[in-house]
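K.L.:
Okay, here's the structure, questions in a sec.
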Amino acid sequence: MKHVLQKILGVIVLLLAWIVYALTNAGPSGPASVMSDVNSGLQSAIVDDDYRTTYEVFVYSFADSDSDGIGDLKGLTDRLDYISDLGFNQIWLMPVCPSPTYHKYDVTDYMNIDPQYGTMEDYDRLISECHQRGIRVIIDLVLNHTSSQHPWFTEAVNYIRTLPVGSQIDAAECPYAEYYNFTGNGGSGFASVQGTGWYYEARFWDGMPDLNLDNQAVRDEIDQIIGFWSEHGTDGFRLDAVTSYYTGNPDKNIGFLKWVNDTANKYNPDSYIVCEGWENQDSYARYYASGVDSMFDFAFADASGMIAKTLLGNCSARDYGNALEREWQLFQSYQQTAVNAPFYTNHDMGRGAGYYAGDDGRKTKTALAMNLFTTGNAFIYYGEELGMKGSGKDENKRAPMYWSTDAAYAGMTSGPPYMDAFEMKFPSYEEQKDDPYSIYNYVKQAMKIRNAFPVIARGRTWVHQDLTTDQVCILLKEDDEHAPCAIVMNLSDAEQTVNMSNTEFHQLKAVLTVNDTAVSYGNNTLVLPPYGIAVLTE
């Protein structure tokens with residue numbers, strides 16, 4: 001009997017010891033924090049400003065409403081709940097104006113919708129449906145060049161061909177001849193007007209003649225174009241190739257951008273302007289001096305950017321954090337109201353799923369979270385939330401949205417002409433939507449966290465230098481209006497432990513994991529599984 005009592009007493013002691021351990025090591029959500037449990041109570045706190053989360057859509061490949069194999073505005077409108085449900089509150093439409101090419105970056109009519117995509121009535125309905133959902137819409141505005149089939153250019157060329165040898169252009173005879181940069185001297189970046197001794201500037205290719213942006217009549221046309229789309233409810237513009245407006249002349253580029261920004265604000269004081277300047281970070285940072293809202297942050301994008309380099313092991317977590325801290329200060333030095341435009345991939349880059357050989361999805365997921373947790377208006381290219389694949393020629397990077405493996409599935413498109421045939425690496429939306437650990441649902445959780453903590457998108461970014469290591473990056477976010485937070489990222493393939501005792505952040509509020517391995521938090525000690533992320537508040 002004595003031995004039985006001793007055994008019972010021993011069990012009780014062990015049980016009490018376990019209870020004490022559990023209580024002393026339990027964090028705000030218990031000793032083990034599963035993503036779905038911790039994040040279930042998060043509430044959206046979206047602020048109506050320029051720090052949004054934007055979904056880039058190539059209409060041609062996104063969703064088809066009339067079964068002709070080409071995406072259209074009605075198809076996009078039908079899919080707005082998909083975009084909204086993910087948590088996006090802004091859409092960037094790649095060019096929608098009439099054009100002879102599938103990509104439509106060579107415009108023939110700046111104040112209309114390409115018939116492949118629909119009508120102005122379809123556009124107006126899209127805007128209305130978006131605004132009802134709290135989604136803003138910005139469109140691509142291509143000002144560096146037009147199509148060689150634009151009426152301005154065809155009239156100019158027809159006039160040029162009538163000029164006697166040795167004569168000069170007379171704008172009184174053909175005003176459109178001064179809409180472009182015609183010259184009697186050819187060279188790099190210029191194309192020949194066949195049958196004449198004249199040439200025209202065309203830096204991209206001869207089907208895209210560059211506009212003469214110093215010409216007042218051209219600026220008057222642009223003013224009218226901006227006014228037209230603003231009056232149709234467009235919330236802003238993505239400006240294409242802003243570093244090419246005046247080749248090799250950043251000061252003139254910046255001056256022209258200021259004029260475009262002022263013009264847009266004349267029609268809509270809340271108009272949002274984001275610019276493509278595919279150069280090094282110090283170069284495109286200068287363009288904030290124009291007053292535009294955002295410049296795309298190329299330094300962190302593509303297979304050679306900071307996000308991919310970190311996950312490939314070519315940069316440390318500390319390097320990554322320091323680069324974020326530095327860029328925030330750099331952009332602020334040119335404009336204190338600058339809104340960074342972080343992005344990971346776009347229509348000109350190979351898709352992220354192809355950056356990591358042998359990746360089972362963990363790095364693909366983490367890269368998307370790293371982008372979404374960057375301060376600014378974060379952009380995601382359609383299909384990245386599914387881990388779509390596509391590289392090589394541009395058509396491959398603009399493949400049909402992967403709604404289903406069934407080509408007859410509602411909304412499926414055929415994709416751009418001359419696109420290569422290839423298989424996707426990860427499952428379709430139809431397969432991913434019900435898998436809690438799919439890339440799709442991972443992005444949905446990351447968006448939920450971003451929208452629940454306004455400081456993530458708006459906060460000044462600092463690195464906790466004492467706790468950040470080569471494997472773990474701790475970003476501190478603070479602004480003047482919202483509660484601060486710490487984002488703790490394990491950017492390695494091994495479990496990492498972080499002691500948060502010497503910080504102000506002790507409340508675990510959100511977690512993001514690439515699989516079902518839980519985050520553990522107790523006694524101010526945070527244990528992150530490989531590629532695990534946690535958000536803590538004071």
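K.L.:
Might you let me know whether the range 151-160 holds any residue that is touching a helix residue (DSSP H, G or I) at 6+ places or on another chain (Cβ under 7 Å), of a type in the set (A, V, I, L, M) and assigned to a loop (DSSP other than H, G, I, E, B)?
P.N.:
As a first pass, look at the range 151-160 and keep what is touching a helix residue (DSSP H, G or I) at 6+ places or on another chain (Cβ under 7 Å): 152, 155-156, 159-160.
Next cut, of a type in the set (A, V, I, L, M) only: 156, 160.
Next cut, assigned to a loop (DSSP other than H, G, I, E, B) only: none.
No, there is no match, as no residue in the range 151-160 is touching a helix residue (DSSP H, G or I) at 6+ places or on another chain (Cβ under 7 Å), of a type in the set (A, V, I, L, M) and assigned to a loop (DSSP other than H, G, I, E, B).
K.L.:
Here is a check on your reading of the model: is Leu213 part of a helix (DSSP H, G or I) and surrounded by 19 or more Cβ atoms within 10 Å (Cβ to Cβ)?
P.N.:
Spelling it out, it is not the case that Leu213 is part of a helix (DSSP H, G or I) and surrounded by 19 or more Cβ atoms within 10 Å (Cβ to Cβ).
K.L.:
Does the range 470-494 hold any residues that are out of contact with any Leu (no Cβ under 7 Å at 6 or more places or on another chain), farther than 18 Å from Gln329 by Cβ and open to solvent by 70 Å² or more (accessible area, probe 1.4 Å), and which are they?
P.N.:
Asp470, Glu481, Ala483, Asp493
K.L.:
If you check Trp198 against the conditions, is it among the hydrophobic types (A, V, I, L, M, F, W, C), at pLDDT 95 or above, within 24 Å of Ser147 (Cβ to Cβ) and open to solvent by 40 Å² or more (accessible area, probe 1.4 Å)? Walk me through it before giving the result.
P.N.:
On the way: among the hydrophobic types (A, V, I, L, M, F, W, C): yes; at pLDDT 95 or above: yes; within 24 Å of Ser147 (Cβ to Cβ): yes; open to solvent by 40 Å² or more (accessible area, probe 1.4 Å): no.
For Trp198, the condition - among the hydrophobic types (A, V, I, L, M, F, W, C), at pLDDT 95 or above, within 24 Å of Ser147 (Cβ to Cβ) and open to solvent by 40 Å² or more (accessible area, probe 1.4 Å) - is not met.
K.L.:
Keeping to the range 105-126, report how many residues are closer than 26 Å to Thr53 by Cβ and either more than 25 Å from the chain's Cα centre (by Cα) or open to solvent by 10 Å² or more (accessible area, probe 1.4 Å) (or both).
P.N.:
Residues meeting the conditions: 5.
K.L.:
Here is a follow-up. Quick check: is even one residue across the range 452-469 within 19 Å of Ser40 (Cα to Cα), in contact with a Ser or Thr (Cβ under 9 Å, 6 or more places away or on another chain), open to solvent by 10 Å² or more (accessible area, probe 1.4 Å) and at pLDDT 95 or above?
P.N.:
Yes: the range 452-469 contains one or more residues that are within 19 Å of Ser40 (Cα to Cα), in contact with a Ser or Thr (Cβ under 9 Å, 6 or more places away or on another chain), open to solvent by 10 Å² or more (accessible area, probe 1.4 Å) and at pLDDT 95 or above.
K.L.:
Inspect the range 410-425 for any residue being surrounded by 22 or more Cβ atoms within 10 Å (Cβ to Cβ), in contact with a helix residue (DSSP H, G or I) (Cβ under 7 Å, 6 or more places away or on another chain) and part of a loop (DSSP other than H, G, I, E, B) and give the result as yes or no.
P.N.:
Taking every residue of the range 410-425 in turn, at least one turns out to be surrounded by 22 or more Cβ atoms within 10 Å (Cβ to Cβ), in contact with a helix residue (DSSP H, G or I) (Cβ under 7 Å, 6 or more places away or on another chain) and part of a loop (DSSP other than H, G, I, E, B).
K.L.:
Being of a type in the set (A, V, I, L, M) and assigned to a helix (DSSP H, G or I): is that true of Val38 here?
P.N.:
When the stated conditions are applied, Val38 passes them.
K.L.:
Being of a type in the set (Phe, Trp, Tyr) and out of contact with any strand residue (DSSP E or B) (no Cβ under 6 Å at 6 or more places or on another chain) is the filter; apply it to the range 216-261 and report the residue that is most open to solvent (accessible area, probe 1.4 Å).
P.N.:
Taking the candidates together, the pick is Trp259.
The values are calculated or read from the model by the stated rules, or taken from the named source; none is laboratory data. Just so it is clear, the model here is predicted, and its values are computed rather than measured. Neighbour counts are summed over all protein chains in view; Cβ atoms, including those assigned to glycine, are modelled from backbone coordinates with ideal geometry. Side chains are part of the model used for accessible areas, which takes the heavy atoms of the whole protein and leaves out ligands, DNA and RNA. Shrake-Rupley method; radii C 1.70, N 1.55, O 1.52, S 1.80 Å.
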